[in-house]
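Heads up, the thing below is written out as structure tokens.
The values are calculated or read from the model by the stated rules, or taken from the named source; none is laboratory data. Fair warning: this is a prediction, and the values are worked out from it, not measured in the lab. Methodologically, a virtual Cβ is constructed for each residue, glycine included, from the backbone with ideal geometry; neighbour enumeration extends over all protein chains shown.
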Amino acid sequence: MDLASGVSWFRGSSVRIRRGGHEIHVDPCGLTESGTADYILLTHPHYDNFSEEDIARVRGPETIVIAPASMKKQLEDADHFLRPGDMLQLEGVDVLAVPAYSPEKKFHPQENGWLGYVFSLGGVTYYHAGDTEYLDSMGTIRCDVAFLPCDGHYTMDANDAVRAAKACGEAVLVPVHWGDSWGSADEVERMRAAFPREVRVFPRAL
């Protein structure tokens with residue numbers, strides 16, 4: 001089974017997964033394709049993660065929107081506001097909110113309560129880390145596919161992304177949040193060399 005089938009990466013942390021008859025978007029931003037999401041998961045409100053225009057583009061009347069509790073001012077009509085450790089059991093998908101923050105950098109403070117997500121869909125468990133540095137709590141996560149940021153400036157770098165991937169035990173590492181101002185293709189290739197399982201590098205969806 002191709003664990004990463006149905007995955008598209010648009011830019012930054014924007015990922016779409018179509019699997020098991022469902023469509024999930026995490027941080028829809030910079031979308032180049034239309035569709036209707038069953039679920040939208042938002043990690044935090046930075047401009048390159050939170051696009052009201054793109055959310056509206058894929059949000060239908062039945063779409064479930066999930067966001068951090070601290071985003072109530074930005075998105076009052078979300079269906080669920082979560083804090084790290086909260087879990088939802090929804091039709092076709094289970095969602096666990098996990099912490100995403102930067103202990104050593106100012107960009108993503110822990111006190112903001114911003115999130116990554118672990119969710120299962122179509123027999124595959126995914127971990128989308130959000131914008132974060134390496135956290136010891138990643139060692140408690142088990143998944144098949146992990147979307148890990150690796151720009152090295154706003155988030156963890158390639159070395160820590162590999163460290164996080166090994167801690168999570170996933171079969172497939174998908175680098176995200178690279179290739180704009182920070183994070184190069186060379187660093188992603190170093191991840192491929194350092195990670196003992198599969199590193200799946202997706203081109204941006206055009």
With the structure loaded, tell me whether residue 158 is surrounded by 14 or more Cβ atoms within 10 Å (Cβ to Cβ), over 19 Å from residue 120 (Cβ atoms) and not hydroxyl-bearing (Ser, Thr, Tyr) or whether it fails that test.
yes
Does at least one position in the stretch 101-110 carry a residue that is at pLDDT 95 or above and touching a strand residue (DSSP E or B) at 6+ places or on another chain (Cβ under 6 Å)?
no
Note on the stretch 23-52: residues out of contact with any helix residue (DSSP H, G or I) (no Cβ under 9 Å at 6 or more places or on another chain), modelled with pLDDT under 95 and either of a type in the set (Gly, Ala, Ser) or within 24 Å of residue 144 (Cα to Cα) (or both) are 49
Considering each residue of the stretch 169-191, count those that are modelled with pLDDT under 95 and either surrounded by fewer than 21 Cβ atoms within 10 Å (Cβ to Cβ) or not aliphatic (A, V, I, L, M) (or both), and give that number.
16
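Does the stretch 106-116 contain at least one residue that is among the basic types (Lys, Arg), free of Cβ contacts under 8 Å to residues at least 24 places away in the same chain and surrounded by fewer than 18 Cβ atoms within 10 Å (Cβ to Cβ)? Break it down stepwise before answering.
Of the residues in the stretch 106-116, the ones among the basic types (Lys, Arg) are 106.
This time we only want the ones that are free of Cβ contacts under 8 Å to residues at least 24 places away in the same chain, so: 106.
Still in the list and also surrounded by fewer than 18 Cβ atoms within 10 Å (Cβ to Cβ): 106.
Checking the stretch 106-116: at least one residue is among the basic types (Lys, Arg), free of Cβ contacts under 8 Å to residues at least 24 places away in the same chain and surrounded by fewer than 18 Cβ atoms within 10 Å (Cβ to Cβ).
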Checking 40, 55 in turn, the sole residue that is crowded, with 16+ Cβ neighbours inside 10 Å, closer than 24 Å to residue 108 by Cα and over 12 Å from the mean Cα position of the chain (by Cα) turns out to be 55
Being under 19 Å from residue 8 (Cβ atoms) and crowded, with 19+ Cβ neighbours inside 10 Å is the requirement here; does residue 150 meet it?
yes
Restricting to the stretch 139-174, count the residues that are farther than 23 Å from residue 25 by Cβ and part of a helix (DSSP H, G or I).
9
Restricting the search to the stretch 76-101, which residues are out of contact with any helix residue (DSSP H, G or I) (no Cβ under 8 Å at 6 or more places or on another chain) and either buried (at least 19 other Cβ atoms within 10 Å of the Cβ) or within 16 Å of residue 154 (Cα to Cα) (or both)?
93, 95, 96, 97, 100
